[in-house]
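Down below is the structure, laid out as structure tokens.
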Amino acid sequence: MNLISAAGFARTLKYWTMFRDGLICTVSLSFLTVLFGFIIALIVAIIRLSDFKPFRNIGVAEDGSQRTDFIGKLSQFNPLAFLATCYVEIIRATPMLVQLFIFYYIVFANNPFPRIMLFGFIRFERFMPGVVALSVNSGAYLSEIIRSGIQSIDGGQTEAARSLGLSSWQSMKLIVLPQAIKNILPAIANEFVTIIKESSITYTIGVQEIMYAVASIKGATFSIVEPLLIATAIYFCLTFPTSKIIAHFERKMSRGDKR
Amino acid sequence: MANDVMLSVRHLKKYYKGGLIKALDDVNIDINEGDVVVVIGPSGSGKSTFLRSLNLLELPTSGEIIFEGVDITKKKVPDKNGKMVKLDLDEHRQKMGMVFQHFNLFPHKTILQNMTLAPVTLKKMGQEDAEAKARHLLERVGLPDRADAYPIQLSGGQKQRIAIVRALMMEPEIMLFDEPTSALDPEMIGEVLAVMKELAIKGMTMVVVTHEMGFAREVGNRVVFMADGQIVEQGSPSDIFDHPQSERLKDFLSKVL
């Protein structure tokens, strides 16, 4: 038996609707992941930059000055920022597969999601844990992108805004964030490409995306090579044009800088 | 109101590495209303740190900065009933304009937006009033036709003139200049100094860190010489430039004049 044969492709393509469904599932999974991931990331980035210091008052001495001893340092502790940093570091330091299993088998052990079908075929109770796990993972990476975008803005911008009397939040909102978000839009779009590829991992919990189609067709036709090659082509056709479109907009936006 | 103390600095210290590096080592000065104080000194003498401490862009290690009767280095200050309330630093900063070496205009905003952003956001004036005031100020510095340009389209000298009027939009009581001409091409220095001189003549209280000795002599009414984080000598321009006392100052002047 040949490794690859025209007959093998013919057999595989009989199941083309499974690839179509897989494609729909992969794209909706990736889109929801980037959307929720970005919301998580923005909240985390803002928390990490926030001025929430519940122990602020113990750091103020009798005469109103700021204490510089240990208690003074303790008063600057921001518990929310600490938790947000823990989240980012733990996610970035553990494998995606582990996080996916933790969400599917532990967090959502008593699966709370209704057993409905999206688009008539996607099993929601498997799809949703996948979305949550991927979003939580992507949120950590995206929050680092947002943070680096904020840090890429020259400190003189904040100094100028503060010297005019704007508060730290006003400086962030009006001066730093608009410049930062413009800088990081390409990186966010790249994260979308990454998620399209990484979402393949959710086939391990039975989400019916493209790799799930490959496994099903393998079971039905006893051939793996042809379905795999078709899956590869689909992934390539999804991500390659997307990154080209991103690169196009990146060039267009950097032209704006040289006004 | 002339000669009222506007800003007084007491025992200002800024240490790094637990006191190993003393960027500011016990600086004391009173700045009166209408003063044009020019700060000179070798690089690393602490003059920029001193200036940036005045509006707390640099947090001092210790010392007091009393601006219009309020010690702005404190987190809490007594109100008029003697009750301790949180100090609103932003409110005090609105009264202290600052001009930076690298201009720091907002690149994503037009010149007009650069100027109106702070006064409108802080509800100091309405959008229309702010725009009218901005156009009037642009006229004054000779750039009336650049209102809708973006900072990237301006030369260095033009950017710095915009930075000055942007600070003036908040109607500050004192203006701080941190080496405003150091990043400029030589032929553009004159146009910026001219704007600053006009401001001084109109009675604005100013603290200027600069290497322009001609400006210090001509426009300053007090010159402060700093070295190693301390004020070594201060006096009128003729005291400092014609009758220097300390060796440090004589040495410095021999190198720059």
TODO: Quote the relative contact order of region B:99-257 in percent (integer), defining contacts as alpha-carbon pairs under 8 Å separated by 6+ residues.
DONE: 20
Open item on the list: Could you identify which residue out of B:Thr205, B:Thr121, B:Thr61 has the top mean-square fluctuation in a GNM of chain B using Cα springs shorter than 10 Å?
Closed with: B:Thr121
TODO: Note down the net charge around B:Gly18, summing +1 for each Lys or Arg and -1 for each Asp or Glu among other residues with Cβ under 15 Å from its Cβ.
DONE: +3
Task: Förster-model FRET efficiency, 35 Å R0, B:Asn221 and A:Lys173, C-beta, rounded to 0.05 - done: 0.30
Task: the protein assembly as shown: antiparallel DSSP beta bridges as a percent of all, rounded to 5 - done: 60
Task: Rounded if a/c under 1.5, otherwise prolate or oblate - region B:209-257, Cα gyration tensor axes - done: rounded
Task: Taking only Cα atoms of region B:52-120, radius of gyration then Dmax in Å - done: 15.2, 45
- [ ] Take every DSSP beta bridge with both residues inside region B:51-176 and express the antiparallel ones as a percent of the total, to the nearest 5.
- [x] 60
Task: DSSP-defined beta bridges in region B:98-257 - what % are antiparallel, rounded to 5 - done: 40
TODO: Helix by helix through chain B, keep the DSSP H runs that span 15 Å or more along the axis on Cα and average at least 0.5 on Kyte-Doolittle, and give those back in order.
DONE: B:111-121, B:186-201
Open item on the list: Can you give the FRET efficiency to the nearest 0.05 for A:Ala109 and A:Ile224, using r as the Cβ-Cβ distance and R₀ = 41 Å?
Closed with: 0.80
Task: Over region B:20-70: Kirkwood hydrodynamic radius from C-alpha pairwise inverse distances, Å - done: 12.2
Open item on the list: Which aspartates and glutamates, if any, have their Cα less than 17 Å from the Cα of B:Lys74, not counting same-chain residues under 8 positions apart?
Closed with: A:Glu62, A:Asp63, A:Asp69, B:Glu58, B:Glu64, B:Asp88, B:Asp90, B:Glu91
Task: Spin-label pair A:Ile181/A:Met96, simplified geometry with 7 Å Cα→Cβ offset, distance in nm - done: 2.7
Task: Rg/Rg_ref, the protein assembly as shown, where Rg_ref = 2.2 N^0.38 Å and atoms are Cα - done: 1.31
- [ ] Starting from region B:77-175, pick out the trypsin sites (Lys or Arg not before Pro) whose DSSP state is loop and whose Cβ has at most 14 other Cβ atoms within 10 Å.
- [x] B:Lys80, B:Lys83, B:Lys123
TODO: May I ask you to evaluate 6.51 cos²θ - 1.76 cosθ + 1.60, the Karplus curve with θ = phi - 60°, for each residue of region A:173-182 and list the ³J(HN,Hα) values in order in whole Hz, giving x for glycine and proline?
DONE: 6, 8, 10, 7, 4, x, 6, 5, 5, 4
TODO: Give me the distance in nm between label points sitting 7 Å out from Cα along the Cα-to-Cβ direction at A:Leu3 and A:Arg56, one decimal.
DONE: 6.6
Open item on the list: Suppose only helical runs count, i.e. DSSP H with n ≥ 4. What mean residue ellipticity at 222 nm does that imply for chain A under -39500 (n - 2.57) per run, divided by all residues and rounded to the nearest 500 deg cm²/dmol?
Closed with: -22500 deg cm²/dmol
- [ ] Express the relative contact order of region B:1-53 as a whole percentage, based on alpha carbon pairs under 8 Å and six or more residues apart in sequence.
- [x] 35
TODO: For B:Leu143, list long-range residues whose amide hydrogen, built 1.01 Å from N in the peptide plane, is under 5 Å from its own amide hydrogen.
DONE: none
Task: Mean separation of Cα contacts under 8 Å (6+ apart) over length of chain A, as relative contact order % - done: 28
Open item on the list: Just to be sure I understand: with springs between alpha-carbon atoms less than 10 Å apart, which residue in B:Ile174, B:Ile162, B:Ile189 has the highest mean-square fluctuation in the Gaussian network model of chain B?
Closed with: B:Ile189
Open item on the list: Mean-square fluctuation check for chain B, GNM, Cα pairs under 10 Å: which of B:His243, B:His92, B:His136 is largest?
Closed with: B:His243
Task: Square roots of 5 times each gyration tensor eigenvalue, C-alpha, region B:142-254, largest first, Å - done: 30, 15, 12
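Computed from the coordinates by the stated procedures, all read-outs in this text should not be read as laboratory data. Just so it is clear, the model here is predicted, and its values are computed rather than measured. Counting neighbours? That spans all protein chains shown, and the Cβs are built from the backbone with ideal geometry, glycine included.
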